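These notes are about the structure you will find just below.
The values are calculated or read from the model by the stated rules, or taken from the named source; none is laboratory data. Worth saying up front: this structure is predicted, and the values here are computed from it rather than measured. Cβ placement follows ideal geometry from the backbone for every residue including glycine, while neighbour counts extend to all protein chains displayed. Accessible surface areas use protein heavy atoms only, side chains included; no ligands, DNA or RNA. Shrake-Rupley method; radii C 1.70, N 1.55, O 1.52, S 1.80 Å.
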Amino acid sequence: FGTETPKDYLTAVVRARTTANVVYAFKAHYDQLQFLLLTDLIKQFRQFKVIRMTRNDLIAEAVSFSRAIQTDGWTSSHPQSGSAPAYNVEHLNWCMDHLLKQKRGWGQFFDTHALDYLTIDYNDLVMNPSGVANRVIQALGYPTAPKQESKHPEMTRQADTLNDEWIARYRIDPNRIDLKS
């Protein structure tokens, strides 16, 4: 964008990526947030409304995370490496630990910076995309009565019976992380 400072860059990105109805959005994992903190751009985010997506089934999330790492398949439309994923309790423990640290980090981040946010649960989105969309629309300050029927992009669920098998296996694995500690 030909900018010289992180603040000018953020301003240019927001200007370029804002929709006609004045919506700008991006997805960030906790690790990616460090850039905002290091550059002090976090102050600019007080002007935004934040939507936080969580997933309450941490084991299912860890299994998905482990499979994505092993296959390089991060979305249903992303080509995978072709290598078959393998159940590995140590890797799942690492994934669980990493996800727990991210969840704690986000909690601390929101507490420290006193940002207002709307929390959406992943399973709610999967089960009721229209209801969740209406909650987001309302949180953004737009009227929730739709002018027309919304069409949601077709989502292809990545989880399959292998996920179910790994989840069941991990729940009884004596070497799994003890979530109570």
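What the table shows:
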item: Residue ID - surrounded by the fewest Cβ atoms within 10 Å (Cβ to Cβ), chosen from residues in the stretch 111-147 that are at pLDDT below 85 and closer than 12 Å to residue 52 by Cβ; result: 116
item: Within the stretch 148-181, tally of residues that are of a type outside the set (Asp, Glu) and at pLDDT 85 or above; result: 14
item: Filter result for residue 8 (surrounded by 11 or more Cβ atoms within 10 Å (Cβ to Cβ) and more than 24 Å from residue 139 (Cβ to Cβ)); result: yes
item: Members of the stretch 63-82 found to be under 24 Å from residue 168 (Cα atoms), exposed (fewer than 15 other Cβ atoms within 10 Å of the Cβ) and out of contact with any Ser or Thr (no Cβ under 6 Å at 6 or more places or on another chain), listed by number; result: 74, 75
item: Filter result (surrounded by 15 or more Cβ atoms within 10 Å (Cβ to Cβ) and under 13 Å from residue 6 (Cβ atoms)) within the stretch 40-62; result: 41, 42, 44
item: The stretch 18-39, subset among the aliphatic types (A, V, I, L, M) and open to solvent by 90 Å² or more (accessible area, probe 1.4 Å), residue farthest from residue 106 (Cα to Cα); result: 20
